[in-house]
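Structure first, then comments.
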Amino acid sequence: MQPFRLHTGVVVPIDRANVDTDAIIPKQFLKSIKRSGFGPNLFDEWRYLDHGEPGMDNAKRPENPDFVLNQPRYRGASILLARANFGCGSSREHAPWALADYGIRALVAPSYADIFFNNCFKNGVLPIVLGDSEVSRLFDATLAFPGFSLTVDLERQTVATRDGSMSFGFAVEPFRKKCLLEGLDDIGLTLLHADQIRAFEARRLAEQPWIA
Amino acid sequence: MRRTLYDKLFDSHVVRTESDGTALLYIDRHLVHEVTSPQAYEGLKLAGRRPWRVSSVVATADHNTPTKDWDQGIRDPISRTQVETLDANIRTYGAKVYFPFLDKRQGIVHVIGPETGATLPGMTVVCGDSHTSTHGAFAALAFGIGTSEVEHVLATQCLLMKKAKSMLVRVDGRLAQGVTAKDLVLAIIGRIGTAGGTGHAIEFAGSAVRALSMEGRMTVCNMAIEAGARAGMVAADDTTIDYVRGRPYAPRGADWDRAVALWCGLVSDEGATFDTTHVFDAAAVQPQVTWGTSPEMVVPVDGRVPDPDRERDTTRRDGYAKALAYMGLKPNTPITDIAVDKVFIGSCTNSRIEDLRAAAAVARGRKVASNVRLALVVPGSGTVKAQAESEGLDRVFRAAGFEWREPGCSMCLAMNDDRLEPGERCASTSNRNFEGRQGAGGRTHLVSPAMAAAAAIAGRFVDVRRLS
C-alpha cells in the first residue's frame, strides 16, 4: 500500500450529504476483476452526459460541465471535501479504488459510512473527520478562492492552508495511523500472530465443532 | 457485569487486542460471491498464500446472473468472466460448499446462508457485501466488508477491528394487520436516519421483534446497514432455534443439544446498558413508501411527498430538492397519486418464501394494471423457488400477469439485464433507492412485498389494506 505522510493538494467540493457508493462508482463497473482503472468512471453518472459502460473510451465521452470535477478550477484536485455520511451504501471497495485511481489522497467530511471509512485506510486514502462548522468554513473557502489547497500532515494530525490562516487537528486511531504512515500490509502483520490464531481456533472448533 | 448480545458475540471472538483497543476478531463463516472476491483471490495468489480455513467458505454467484433463459448461459461477456473467475477460484482454493450458476440451490448469498444452516447462532459471519447484516437475525455478529478484508479473512481467518458502540432499537406492542417487517424497518430508518446507526451495532428487540418470523427478522437486520449500522442483530429464542433445526449444515444429535444450550445464552443480560436507545410503538407503524433517493426519505402510504421549502437546514433542503428533481415528483403530491411503470419483488431484503406468500396473497385472483410494463418476481434462491412452486405461488403470479424468474440479485442493483430505463418508476421490495441503483435514471420506491404487489395491481401506490 502507498504510504501516506504529508500531502498538499487542490480541494474539490461535493456539496451534498449521503453521497452513496453507487454514485461514487456505478454498478456496471463492478464487473471488472481488477483493482485498477476505475478513476475515469469515478462519479460516472454525474460526470458524463451519456451513459457509461465498461470498455468505453472515456476521453471521447461528453462531460457534464456543471459537475465540479469537470470545472477547470478543480482539475487535478487530490483532496475531496464532502458532507455528512459520505460513502454510505454498498461495501464495494471499488469506491476507494476509484477515488485513489483518480488521484484523491484525502477526504474531509463531518462523517463517513463505516465500511467505506474502513476501506479507505486499506488503499492509502485518508478520510479526515472534522466538525460541521469546520467543514462549512472549508466549503466557503474552497468556493471563494480558485485553486484553494490544503496540506494534510498525518504525523501531526493536522489539515491546514499553506498560509496557516486555517488549521484544524483531527483524530485517527493509532493503529490505522501507523499502517498508513508506513504503508504496512496488515495481512502480514496479522500473520505475525498466526500461533495465537491457531490456538484460538483449535479451542473454538473443539468446543463448537459445528462451526467447521 | 451485565453484557449486551453484541458484547457476548464480539468478546467471544477476540483472539488478541492491540494496545489501542483494536481487536483481532476470529471469523467463523465467510460468504463469498463473484463481485467482491476476484481481487481478493488475486491478492492471495500474488502473495503466495492459501485460505486459512477452507471449511469457513460458502460461495455462490448471484449479482451478475441472469434471471431468465438460463439455457443460454450468461450473455454479457464481462459478467460471464466474473462468474467464471469465481468458478476458477473455488476450484483452486476450495470451499465448504459452492452453489455455482445453474445449481439448483444457487441464490442470493444472504438467502442461502440461513436456509442451508451455514449461518448459525453465535457465529461471526462476514461477506464482501453490506447486506451481510441480514445474518444478525440469528443472534450472530454479521457485517459487510471490503475486498481487502475479504483477502484478510481468506488469509488469516481474522479481521482487525475496534468494537462498535451499542444501540438498542426496542419496538413495543404489535404490528397492525398488513404492516410488515419491511414497513417497520423503513419507519425506523425514517426516524433515526441513514447515518443514525453509524459507528454502532444495533440490537432489535421488544415484543414486536420477538413476534416476527425469522424471515421478518432477516428483513429488519438486512436494512440495519441502511440506518448506517454495519451489524444488526436479534437475540436467540425458540423462533431462531426452530428455524435452524434440521437445516443441512446445522448440528445434529448430541451436538445439536449442546449447541442449543449455548445459543440460549445469546441474549442481552437483563439491565445491560446500551450507548444509544430508541423506542418505537409498533401499533403506530403504517405501510411505508420511500419518495426520495435515500432510504430515510420515507413516509406512510397515506402521506405526501414533502416540501423542501419547509426544511430549515440548507444541506437537507438542497438534498430534498435534488431528490425530488431526480424522482420527477412535485412537493405535496399524495403518495397514492404516484403511478408505477415496473414492480420488482425480490432481493436479499424480501425474496424469501414468506415474502412471496405475502405478495401472492395480494396478487391472487387479480391482474397487473395495464400501465405496469413489467412486474417481476425473483425468488431468493433455487430452494425458495422450488418451495414456492410446490405451493402453486408461481401460478398465482403468472395468472396475475407477473413474470416468474430464476433466482439472483436481479433488479435490486441491476448488474444483469433486469433494470429500469431512464425515467421509469418502480415499486421495489429491495433496500436502496439511490440514484441509478436499479438502472441509470431509474426511480425507485421501496416498499414491502404486499405493498409492491398492491402497486402492481392498482398501477399506483395504494394501502394494501384498502385494496378493493
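Values in this text are rule-based calculations from the coordinates and carry no lab data. Remember, predicted model here, so these are calculated numbers, not experimental data. No Cβ is skipped: glycine too gets one built from the backbone with ideal geometry, and neighbour counts run over all protein chains shown.
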FRET efficiency estimate (nearest 0.05) - Cβ-Cβ, residue B:339 to residue A:166, R0 45 angstrom:
0.35
Between the stretch A:31-69 and the stretch B:356-401, what's the alpha-carbon centroid distance in Å?
37
Starting at the first residue of the stretch B:349-355, write each ³J(HN,Hα) from the Karplus equation 6.51 cos²θ - 1.76 cosθ + 1.60 with θ = phi - 60°, in whole Hz, x for Gly and Pro.
7, 8, 10, 8, 4, 5, 5
Can you give me the Cα centroid spacing of the stretch B:142-156 and the stretch A:140-194 in angstrom?
24
For the stretch A:1-101, place one equal point scatterer on every Cα, skip the solvent, and apply the Debye formula. What is log10 of I(q)/I(0) at q = 0.13 Å⁻¹?
-0.47
For A:51, B:445, B:110, order by how many other beta-carbon atoms lie within 10 Å, fewest first
A:51, B:445, B:110
Taking every DSSP beta bridge with both residues inside the protein assembly as shown, roughly what % is antiparallel (nearest 5)?
30
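Give me the Kirkwood hydrodynamic radius of the stretch A:6-185, using the inverse of the mean 1/r over all pairs of distinct Cα atoms, in Å to one decimal.
16.6
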Folded to 0 to 90 degrees: helix A:194-207 orientation relative to chain A principal axis, Cα
60
Please state the relative contact order of the stretch A:6-185 as a whole percent: Cα pairs under 8 Å, 6+ residues apart?
25
Evaluated at 37 °C and 0.692 mPa s, the Stokes-Einstein D of the stretch B:271-374 based on the Kirkwood radius over Cα pairs, in µm²/s, stands at 196
Can you give me the angle between helix A:132-144 and the longest principal axis of chain A, using Cα atoms only, in degrees from 0 to 90, rounded to the nearest 10?
40
Whole-Hz couplings from phi, Karplus 6.51/-1.76/1.60, listed for the stretch B:236-246; x for Gly and Pro
6, 8, 4, 4, 4, 5, 5, 5, 6, 3, x
Residues with amide H under 5 Å from that of residue B:16, placed H, sequence gap 5 or more:
B:24
If you average the C-alpha positions of the stretch B:1-47 and of the stretch B:242-276 separately, how far apart do those two centres end up, in angstrom?
20
Which far-off residues, 5 or more places away or on another chain, put their amide H under 5 Å from the one on residue B:403, with H placed in the peptide plane?
B:375, B:376, B:377
Inter-probe distance in nm under a simple model that places probes 7 Å from Cα toward Cβ, at residue B:361 and residue B:191:
2.5
Sum of side-chain charges, residue B:56 neighbourhood, beta-carbon under 12 Å (Lys, Arg +1; Asp, Glu -1)
+2
Among B:163, A:122, A:27, what is the fewest-to-most ranking by other Cβ atoms within 10 Å?
B:163, A:122, A:27
Eligible lysines near residue B:8 by straight Cα distance, threshold 22 Å, same-chain separation 8 or greater:
B:162, B:163, B:165
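Shape call for the protein assembly as shown from the C-alpha gyration tensor, a ≥ b ≥ c root eigenvalues: rounded (a/c under 1.5), prolate (a/b greater than b/c) or oblate?
Values: a/c = 1.40, a/b = 1.09, b/c = 1.28.
Note, shape of the protein assembly as shown comes out rounded.
Across peptide A:120-130, how many C-beta atoms of other chains are within 10 Å of each residue C-beta, on average?
1
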Sum up the lysine pairs in chain A that clear both bars: alpha-carbon distance under 26 Å and a spacing of 8 or more or different chains.
8
For the stretch A:6-185, with the dipole built from +1 on Lys and Arg beta-carbon atoms and -1 on Asp and Glu ones, taken about the Cα centre, which of A:126, A:90, A:17 lies farthest toward the positive end?
A:126
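Given N residues in the stretch B:174-303, what is Rg(Cα) / (2.2 N^0.38 Å)?
Details: Rg = 16.2 Å, N = 130, 2.2 N^0.38 = 14.0 Å.
Here the Cα radius of gyration is 1.16 times the empirical estimate.
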Points 7 angstrom from Cα along the Cβ direction at residue B:54 and residue A:145: gap in nanometres?
6.0
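Taking neighbour Cβ counts within 10 Å as the exposure measure, how do B:217, A:16 sort from fewest upward?
A:16, B:217
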Whole-Å semi-axes of chain B's equivalent ellipsoid, largest first, each the root of 5 times a Cα gyration tensor eigenvalue?
33, 27, 22
With -39,500 (n - 2.57) per DSSP H segment of 4 or more residues and division by the full residue count of chain B, the 222 nm estimate, nearest 500 deg cm²/dmol, is -9000 deg cm²/dmol
Please identify, among A:72, A:110, A:96, the residue showing maximal mean-square fluctuation in a Gaussian network model of chain A using a 10 angstrom Cα cutoff.
A:72
For B:15-28, what's the mean count of beta carbons from other chains sitting within 10 Å of each residue's beta carbon?
4
Residue among B:450, B:123, B:293 farthest towards the positive dipole end of chain B, charges placed on Cβ:
B:450
Roughly how crowded by other chains is peptide B:406-416, in terms of the mean Cβ count from those chains within 10 Å of each of its Cβ atoms?
1
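For the stretch A:6-185, give the magnitude of the charge dipole about the Cα centre (Cβ charges: +1 Lys/Arg, -1 Asp/Glu; no others), in debye to the nearest 20.
300
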Obtain the nm distance between the two label points defined at residue A:63 and residue A:193 by a simple spin-label model: each point lies 7 Å from its Cα along the Cα-to-C-beta direction.
4.6
For residue B:277, the residues 5 or more places away or on another chain with a placed amide H closer than 5 Å to its own amide H are B:168
Please turn the phi angles of the stretch B:138-144 into ³J(HN,Hα) values with the Karplus equation 6.51 cos²θ - 1.76 cosθ + 1.60 (θ = phi - 60°), one per residue in order, whole Hz, x for glycine and proline.
9, 6, 10, 9, 10, 7, x
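Please identify every one of the trypsin sites (Lys or Arg not before Pro) in the stretch B:78-120 that sits in a loop by DSSP and has no more than 12 other beta carbons within 10 Å of its own beta carbon. Write out the running numbers ahead of the final one.
Working: sites: B:80, B:91, B:96, B:104, B:105; in loops: B:96, B:104, B:105.
When the trypsin sites (Lys or Arg not before Pro) of the stretch B:78-120 are filtered for loop state and at most 12 Cβ neighbours within 10 Å, B:104 remain.
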